[in-house]
Amino acid sequence: MKINVFTSALLVLVTLISCKSEPSLQKYFVENTDNKDFIALDLSSSILNLEKAKLSAQQNEALKSFDKMNILAFKANDKNQAQFETERAKVKAILKDPKYQQLMSFGSGKDGASVSYVGADDNIKEFIIFANRKENGFAVVRVLGENMNPNNIMTIMSVLKESKIDMEQLKPLQELVK
């Protein structure tokens, strides 16, 4: 009986230790999705409204690698600048984790954007776009998929020009740019 209690206690301890409480973008999204200061959207590839029959094999392959987009935006105003700074610092700290590999960044320290990814060069699971401006707020876009690669992303970007994006799904974001 003592062995079973000891074994059970050890299993519980190992389970608790193995559960990481490190911050991640996914956790940040979940924690803030229902927060009134944030705008959250989940968009599938159907938002592009593409005629798949007119797409090339390369374009279809790129589209298959794309699963969905999660967007989380914080709208800054005169009354919430301290909260804006706090939330922006949280996102920046999360993106400093080595699992988020930065491709590029541009802008100044106060305003700017960065593009990062999670995964290997030929099997990207997530692209992250983080853009912020003190006057407007910030947005974090997670592009999720399987076996994405930089070529697929560039192909999807070119396909966006041909798409008839369903603007109704993007209405909540219009408040951010007002």
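The values are calculated or read from the model by the stated rules, or taken from the named source; none is laboratory data. Owing to the predicted nature of the structure, the values given are computational and were not obtained by experimental measurement. Here the Cβ positions follow ideal geometry from the backbone for every residue, glycine too, while neighbour counts run over all protein chains shown. Accessible surface is based on the protein model in full, side chains and every heavy atom, while ligands, DNA and RNA are left aside. Shrake-Rupley method; radii C 1.70, N 1.55, O 1.52, S 1.80 Å.
Could you please find all residues in segment 102-111 being exposed (fewer than 14 other Cβ atoms within 10 Å of the Cβ) and out of contact with any helix residue (DSSP H, G or I) (no Cβ under 9 Å at 6 or more places or on another chain)?
Residues satisfying the conditions are 104, 105, 106, 107, 108, 109, 110.
Which residue is farthest from the chain's Cα centre (by Cα), if the candidates are limited to segment 142-152 and must be under 17 Å from residue 71 (Cα atoms) and either hydrophobic (A, V, I, L, M, F, W, C) or not in a strand (DSSP E or B) (or both)?
144
Say whether the condition of being hydroxyl-bearing (Ser, Thr, Tyr), within 14 Å of residue 88 (Cβ to Cβ) and open to solvent by less than 50 Å² (accessible area, probe 1.4 Å) is met by at least one residue in segment 113-128. Break it down stepwise before answering.
If we filter segment 113-128 for residues that are hydroxyl-bearing (Ser, Thr, Tyr), which is where we start, we get 114, 116-117.
Then keep just the ones that are within 14 Å of residue 88 (Cβ to Cβ); that gives 114.
Okay, now just the ones that are also open to solvent by less than 50 Å² (accessible area, probe 1.4 Å), so 114.
Yes, segment 113-128 contains a residue that is hydroxyl-bearing (Ser, Thr, Tyr), within 14 Å of residue 88 (Cβ to Cβ) and open to solvent by less than 50 Å² (accessible area, probe 1.4 Å).
Given the condition among the aliphatic types (A, V, I, L, M), more than 25 Å from residue 163 (Cβ to Cβ) and touching a residue at least 40 places away in the same chain (Cβ under 8 Å), answer yes or no: does some residue in segment 48-69 qualify?
no
I'd like to check which helices (runs of 4 or more DSSP H) are fully inside segment 1-92 and have at least 1 residues that are at pLDDT below 95 and loosely packed, with under 10 Cβ neighbours inside 10 Å.
Those helices (runs of 4 or more DSSP H) span 2-18, 57-65.
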